[in-house]
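Below is one structure, written out as structure tokens; the observations come after it.
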Amino acid sequence: MHLFNVKENELPVADLETLGLAAGGQLLLNVDDLKALLSGRRTSLLQLSNLEAENIKIKALDAKVSLQRNAAGKMDLLIHPIYKKPATPDFLSDSEADQLRKGDIASIQKEISDNKGGIKKLLFEYDADTREFLIGDTDNILAPDMVNGEFLTTAQKEDYRKGKEVQLADKTIFSYSMKDPHGIRSNRLALIASVLIDGGLSYLLYKGLNALFGTKRDEAEAAKLSPGYHNAVKDMEENRQNAPKQESVFRTRGLYAR
């Protein structure tokens, strides 16, 4: 989860049309890729067409796209192509970069001086699709207050921001991931995260989740959802009914405000 949310009417539709991802004002993205964009994540690999920049024309290119809010408050569309060779970040040793690149570990968290006497905690992952190292500031990773109706402890929230696995009493295990289209992985196919915002609860429903890093799961077992999950679904629906005017705004990203 990110401290980043975009409404559909903020999407740079003209830029998306230029890349062949929209036509006639209508988006040509699947639901998962649209949710990823609206939540500040990268899409899956997409085929972009008719790219043109600095007198260079490219008929087709496989890349991921994401959004970034500019100084004027508008959304810029970023393109993440497949690199020939990954560039190792300055803060990673060759050994650490190699572990990430080979898939030996999911992520690395490091404390870095910000040159102002403070410390930044950065999370590093490797995206094998684009051959690129991803870097995230853990201060910008929003840990849920509850998952499947169970409150997370301070330690569990910190582990989540570090990219570590968090286990609930109902045996649901999940972890944050910058490179995953959902932004989260789990041993279950679905879960519901809740965040306390302005004294109310907001719900984020995740479905079709990918397995935990380096783990093969029994899909039949992963489809078995706990009573806590079903109770959270019931609570989410009750909250949605109490806020009918906000439903159309949040339906696309699965987030319902109280």
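The values are calculated or read from the model by the stated rules, or taken from the named source; none is laboratory data. These figures come from a predicted structure and were not determined experimentally. Please note that ligands, DNA and RNA were not included when accessible areas were found on the heavy atoms of the full protein model with its side chains. Shrake-Rupley method; radii C 1.70, N 1.55, O 1.52, S 1.80 Å.
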Worksheet item: If you take the residues in segment 27-41 that are at pLDDT 90 or above and open to solvent by 40 Å² or more (accessible area, probe 1.4 Å), which one is nearest to Pro181 (Cα to Cα)?
Response: Asn30
Practice prompt. Could you list, in sequence order, all residues of segment 182-193 that are open to solvent by 40 Å² or more (accessible area, probe 1.4 Å) and not basic (Lys, Arg)?
Written response: Leu189
Worksheet item: From the list Lys85, Lys59, Lys74, which residue is among the charged types (D, E, K, R) and within 13 Å of Glu132 (Cα to Cα)?
Response: Lys85
Practice prompt. Collect the residues in segment 158-172 that are within 17 Å of the chain's Cα centre (by Cα) and of a type outside the set (Asp, Glu), keeping them in residue-number order.
Written response: Tyr160, Arg161, Lys162, Gly163, Lys164, Val166
